Amino acid sequence: MTDPLGWDGYAESLARARERTGADESVVWERAKFGGHEAVTIRFEFGFLGGSVGTGTGALLEEALDQARSHRLPVVSLLSTGGTRMQEGVPALRQLQRIARGLARLREAGLPHITVARQPTTGGVWASLGADADVVLAVPGAQVGFAGRRVRPRRYADDPAYTAENQYAAGYVDELVADDAIADRLESWLGLLTGGSRHRPAELPRALGTLDPAPDGWRAVQRARSAERPRAGAYLDDYFDTRVTLRGGIDDGAVCGIGSRGGRAIAFAAQTGTATTPGGFRSATRLIRLAARLGLPVLTLVDTPGAAADPAAETDGAGNAIAELFGTIAAAEVPITTLVIGEGGSGGALAFCSADRIWLTPDACFSVIAPELAAGILKRGHEDVPALADALKPRPEDLLALGAIDGIAGPEPVTFTR
């Protein structure tokens, strides 16, 4: 049913598009290799009626996704589209549901999907095949968004909100990639997304900071808060040979991604020493769900004074975001290893933690509440804060004695057998 509405002149438009592009439809799919990694590749041809999706396109997309599942291959979609084909009406629009069903089955099969948003990527294809991908790459300067240039209000025709750069800044695009670098970046991403080892935990990083124990709880807290202490960036640089980042927004207190260590892919979610916003917790949730589906072990690095507690965080659903991360870690069927590298501040820190493998560096601490906040609750003065810090027993040695953690990191990595 290629002309369900009997649209005047549509058959002729299809014939011209086929002659101009040499393709039967706006989508062509094939099995292709990026380096040593084979994938089912879906390519949109914008010259074919603006890369629009009709009923025939939907059938091709479903076929491509089915073949990927049958042959256990990842999917790469190279988008360049204006959305749904109006000449085929609602039958064409409903192809978006067909795409969503195919992607759901791909996820159930544990296979990754990478999309590349090229110029332009708008409409229902962006809101289905594009934005729903596990990893979203985009070409700088491309129009990327749900509302295409000809359908949004004229005053917004050239608004930067509808660009790849803005989608990247907002956290909806993971990486901006120039046209001539797409193949190389796809090779890197595919190597990481398909290199999982579901049953072997990530190796514990070595401690990079001070190895001597703190003499008391207050000095442990002060040392964990020190600007001189190594932060997540230093640990990730030391631990991984290479790594990529999955975006979650700007300044949300967390960085998430996948790295390679000794040829092995490991997912990571790391707090960066500031209060973690709801967006930071959601980024970690996205990362761990992806890792669980692809069979990647997870490393989490904990370093936060706690969850953001301002009105904006509450409005953005801080409690919901934290609860979602707690539930995701509890349900994950891949091993998760946690190293607390700085201040472990209450539930905002614990939400990033493994349920069965938590270690601290010697210059870190972990507490049910900050000692200053404890003083406020108990109506104590500032002079009582050091004593309260000690009473909360936040030092690694205290926590190990309490049975609240599994160990204290040293100058060498630790390998876990299970």
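The values are calculated or read from the model by the stated rules, or taken from the named source; none is laboratory data. Fair warning: this is a prediction, and the values are worked out from it, not measured in the lab. Heads up, the Cβs are rebuilt from the backbone with ideal geometry, glycines too, and the neighbour counts pull from every protein chain shown.
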Exercise. Determine, yes or no, whether residue 28 is surrounded by fewer than 19 Cβ atoms within 10 Å (Cβ to Cβ), among the hydrophobic types (A, V, I, L, M, F, W, C) and more than 23 Å from residue 149 (Cβ to Cβ).
Key: yes
- Any chance segment 108-120 includes a residue that's in a helix (DSSP H, G or I), closer than 27 Å to residue 59 by Cα and not polar (S, T, N, Q)? yes
Free of Cβ contacts under 8 Å to residues at least 24 places away in the same chain and either under 21 Å from residue 50 (Cα atoms) or not aliphatic (A, V, I, L, M) (or both): does that describe residue 90?
-> yes
Residue 65 - would you say it is under 24 Å from residue 136 (Cα atoms) and in contact (Cβ under 8 Å) with a residue 12 or more places away in the chain? yes
Among residues of segment 221-233 being surrounded by 14 or more Cβ atoms within 10 Å (Cβ to Cβ) and of a type in the set (A, V, I, L, M), the residue farthest from residue 269 (Cα to Cα) is 221
Listed by first then second residue, the pairs whose first member lies in segment 173-187 and is without any contact (Cβ under 8 Å) to a residue 40 or more places away in the chain and over 16 Å from residue 134 (Cα atoms), whose partner is basic (Lys, Arg) and assigned to a helix (DSSP H, G or I), with beta carbons under 7 Å and at least 6 positions apart or on separate chains, are none
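When segment 373-391 is examined, which residues are found to be of a type outside the set (A, V, I, L, M), free of Cβ contacts under 8 Å to residues at least 24 places away in the same chain and surrounded by 15 or more Cβ atoms within 10 Å (Cβ to Cβ)? Walk me through how you get there before you give the answer.
First pass over segment 373-391, keeping only residues of a type outside the set (A, V, I, L, M): 376, 379-384, 386, 390.
Now restrict to residues that are free of Cβ contacts under 8 Å to residues at least 24 places away in the same chain: 376, 379-384.
Matches in segment 373-391: 380, 384.
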By my count, helices (runs of 4 or more DSSP H) wholly in segment 303-362 with at least 2 residues that are within 23 Å of residue 289 (Cβ to Cβ) are 318-331, 346-350
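Need a quick list: helices (runs of 4 or more DSSP H) entirely within segment 1-94 having at least 1 residues that are under 18 Å from residue 133 (Cβ atoms) and in the same structural domain as residue 189 (by TED's automatic domain parsing). Before you say what the answer is, go through the steps one by one.
On the way: elements: 10-21, 55-70, 89-93.
Correct list: 55-70.
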Of the residues in segment 128-155, those that are buried (at least 17 other Cβ atoms within 10 Å of the Cβ) and either part of a helix (DSSP H, G or I) or of a type in the set (S, T, N, Q) (or both) come to 128, 129, 130, 143
- prompt: Do we find a residue being surrounded by fewer than 16 Cβ atoms within 10 Å (Cβ to Cβ) and touching a Pro at 6+ places or on another chain (Cβ under 9 Å) anywhere in segment 184-196?
  reply: no
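From the set of residues in segment 156-175 that are within 26 Å of the chain's Cα centre (by Cα), hydrophobic (A, V, I, L, M, F, W, C) and outside any helix (DSSP H, G or I), which is nearest to residue 103 (Cα to Cα)?
The first filter runs over segment 156-175 and keeps only residues within 26 Å of the chain's Cα centre (by Cα), leaving 160-175.
Filter again for hydrophobic (A, V, I, L, M, F, W, C), leaving 161, 164, 169-170, 173.
When the remaining residues are screened for being outside any helix (DSSP H, G or I), the result is 170, 173.
Values: 170: 24, 173: 18 Å.
Out of the qualifying residues, it is 173.
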